[in-house]
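First comes the structure, then the notes that go with it.
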Amino acid sequence: MAREYKNTSKTLIVCFSYTAGNTKRITEKIQQTIGGGLVCLEPVKSYSKNDNEVVNQGQEEVKRGCKPELKPLGIEVKELNEWINLLRTKL
């Protein structure tokens, strides 16, 4: 049975997208479907706008187990009813 989502501001969809490309578009579609808030995590140090450079940097970070420092969300996560995690890494 499919899970029913309520359109509530107590639901937060969180994503991380290097270039605001496919991941961002998919996240926006999810938000349109289930409602709630949408926040994209942003690294303190911005990634390159060059596709090849950002792919290479991302692959290198994965190999090294590097986790870039992120800017604060500015949201009290403990007050949410749901957290929808679209990150490819474990929190």
(request) Scan the range 17-29 for residues that are within 21 Å of G74 (Cβ to Cβ) and modelled with pLDDT of 80 or more and jot them down. (result) T23, K24, T27, E28
(message) Yes or no: the range 2-16 includes at least one residue that is at pLDDT 80 or above, over 17 Å from the mean Cα position of the chain (by Cα) and among the polar types (S, T, N, Q).
(response) no
(request) Just give me the residues in the range 19-60 being in contact with a Lys or Arg (Cβ under 8 Å, 6 or more places away or on another chain) and of a type in the set (D, E, K, R), in sequence order. (result) E42
(message) Just the residues that are surrounded by 13 or more Cβ atoms within 10 Å (Cβ to Cβ) and over 30 Å from N81 (Cβ atoms), please, taken from the range 24-60.
(response) Y47, S48, V54, V55, Q57, G58
(message) Among the numbered criteria (1) over 14 Å from the mean Cα position of the chain (by Cα); (2) modelled with pLDDT under 85, which one does G65 miss?
(response) (2)
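The values are calculated or read from the model by the stated rules, or taken from the named source; none is laboratory data. Model, not experiment: these values are computed from the prediction. Positions of Cβ are generated from backbone atoms using ideal geometry, with glycine treated the same way; all protein chains shown enter the neighbour counts.
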